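Student: Let me begin by handing over the structure; questions about it come next.
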Amino acid sequence: MINEYKIYALKYAGPFTRSGAQIMWNKDWEKVVSSNYYIWCIKGCGETIILDTGIVPSLAKKLELPGYVSPVEILFRINVKADEVRRVIISHLHFDHANGVSLFPNATFYIQEKEYRFWIKDRIASRPPFKMSGDETSSAYLKSLEGTDRLSLLKGDQKILPGIECLLAAGHSIANQAVAVNTNKGTAILGSDCGHLFRNYQDDWPSMYITNMVEWMKTYDKLRARVSSMDLLFPGHDPIMSEDYPKIAEGVTQLV
Ligand SMILES: [Zn+2]
């Protein structure tokens, strides 16, 4: 029997408006587009796996994030207690995805080793264009876990449970990762910021937050080849995820 999971999108902040060119690299300058901040919950086979951690309340306050709800509170709406979560996958170490690591005090964090090494050890990461997206608080927290069983550094594609595989999917960051999940509709992929919106995948177009465009294009090929159908390839910030899917609780929708 194949293990099958359900996938939930939890909107923890938004909507934000941005220039279209931020989302669609070097075009749509005249457009304004909307986006949200999310974490995701994968449930099934007695397991609860969280993808990305969101932002802690103190930083959300400092950034004056519209529509902010603590990830702890929004998880509780689907009966998940953050301090009981055992597995958290981090797609990449940008602040909107990793700042909230301390909200999961009993979790093991799964991160690509190359992504971790860059943000924690490489001095380039502290240069202004990288520093803008990075997050010193979560980097320090993760560094304190090095050598313990709470930090699992992955070398490329790796199954972490039957039916759940982390996929190296670089381009947006040095070594961001997507997650392939067995569902009752086939293989779904949570791509996080491999595409900010569904439209990035549809148009074969990156956002403006590019570390390596060639790698990004290869990532598109890899994810398309792996996902069972394109409607099961989910982006990182698209408001459609909280609008066009069954609502399970306030701010929470079921994607698959
Ligand atoms: Zn993001």
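Student: Relative contact order, percent, of the chain when contacts are C-alpha pairs under 8 Å separated by at least 6 residues?
Tutor: Dividing the mean separation by the residue count of the chain yields 22 percent.
Student: Sort all Cα-Cα distances of segment 80-157 into consecutive 10 angstrom bins from zero, then give the percent of pairs in each bin up to the one containing the longest distance.
Tutor: It works out to 19, 56, 23, 3, in whole percents.
Student: Starting from the residue with the highest accessible area, list 143, 11, 31 in decreasing order, probe 1.4 Å.
Tutor: 143, 31, 11
Student: Something else about it: Counting each DSSP H run of 4 or more residues in the chain as -39500 (n - 2.57), what helix-only mean residue ellipticity at 222 nm follows after dividing by all residues, to the nearest 500 deg cm²/dmol?
Tutor: Details: 10 runs with 67 residues, N = 256.
For the chain, the value works out to -6500 deg cm²/dmol.
Student: Ok, one more. Can you give me the C-alpha center-to-center distance between segment 8-25 and segment 100-178, rounded to a whole angstrom?
Tutor: Here the two parts' Cα centres lie 22 Å apart.
Student: I would also like to ask the following. With equal scatterers on the alpha carbons only and no solvent term, can you work out the Debye log10 of I(q)/I(0) for segment 215-256 at 0.14 1/Å?
Tutor: Rounded to two decimals, the profile gives -0.41.
Student: What order do 86, 18 take when sorted by accessible area (1.4 Å probe), most exposed first?
Tutor: From most exposed to least exposed: 86, 18.
Student: Turning to a different aspect of this structure: Give, in whole angstrom and from largest to smallest, the semi-axes √(5λ) of the equivalent ellipsoid of segment 71-112, with λ running over the eigenvalues of the Cα gyration tensor.
Tutor: The three semi-axes for segment 71-112 are 18, 12, 8 Å.
Student: Further question: Would you kindly give the portion of the calculated P(r) for segment 1-131 that falls above 27 Å, as a percent of all Cα pairs?
Tutor: Cα-Cα pairs of segment 1-131 separated by over 27 Å account for 28 percent.
Student: Report, largest value first, the span of the C-alpha coordinates of segment 189-231 along each principal axis, in whole Å.
Tutor: That gives 27, 18, 17 Å along the principal axes, largest extent first.
Student: Then there's this: Restricting to Cα pairs below 8 Å that are 6+ residues apart, what does the relative contact order work out to for segment 142-219? Please round to a whole percent.
Tutor: 25
Student: Let me ask something else about it. Jot down the radius of gyration and Dmax of segment 1-67, Cα atoms only, both in angstrom.
Tutor: Using the Cα atoms of segment 1-67, the pair Rg, Dmax is 16.2, 51 Å.
Student: While we're here: Kirkwood hydrodynamic radius for segment 120-202: how many Å is it when counted over pairs of different Cα atoms? Don't skip to the end; give the middle numbers.
Tutor: Values: mean 1/r = 0.0671 Å⁻¹.
Mean inverse Cα-Cα distance, inverted, gives 14.9 Å.
Student: Let me cross-check residue 230: its accessible surface, 1.4 Å probe, with only protein heavy atoms counted, in Å² to the nearest 10?
Tutor: Number for this one is 90 Å².
Student: May I ask which residue of 230, 207, 197 lies farthest towards the positive end of the charge dipole of segment 148-234, with charges of +1 (Lys, Arg) and -1 (Asp, Glu) on Cβ and the Cα centre as origin?
Tutor: Among 230, 207, 197, the one farthest towards the positive end of the dipole of segment 148-234 is 230.
Student: With every protein chain left in place and a probe of 1.4 Å, what is the accessible surface of residue 148, to the nearest 10 Å²?
Tutor: 60
Student: Over 21 Å apart: what share of the alpha carbon pairs of segment 117-256 falls there, rounded to a whole percent?
Tutor: Cα-Cα pairs of segment 117-256 separated by over 21 Å account for 50 percent.
Student: Please list, short to long, the whole-number percent of alpha-carbon pairs of the chain in consecutive 10 angstrom bins beginning at zero.
Tutor: 7, 33, 41, 17, 1, 0
Student: Using a simple charge model, +1 on the beta-carbon of Lys and Arg, -1 on the beta-carbon of Asp and Glu, nothing else, what dipole does segment 77-171 show about its Cα centre, in debye to the nearest 20?
Tutor: 100
Student: About the Cα centre, and with charges only on the beta carbon of Lys, Arg (+1) and Asp, Glu (-1), how big is the dipole of the chain? Nearest 20 debye, please.
Tutor: Rounded to the nearest 20 debye, it is 320 debye.
The values are calculated or read from the model by the stated rules, or taken from the named source; none is laboratory data. In this text the structure is predicted, and so the values were computed from the model without any measurement. Quick reminder, even Gly has a Cβ in these numbers, built from the backbone with ideal geometry, and neighbours come from all protein chains shown. These area figures cover heavy atoms from the full protein model, side chains too; ligands, DNA and RNA do not enter into them. Shrake-Rupley method; radii C 1.70, N 1.55, O 1.52, S 1.80 Å.
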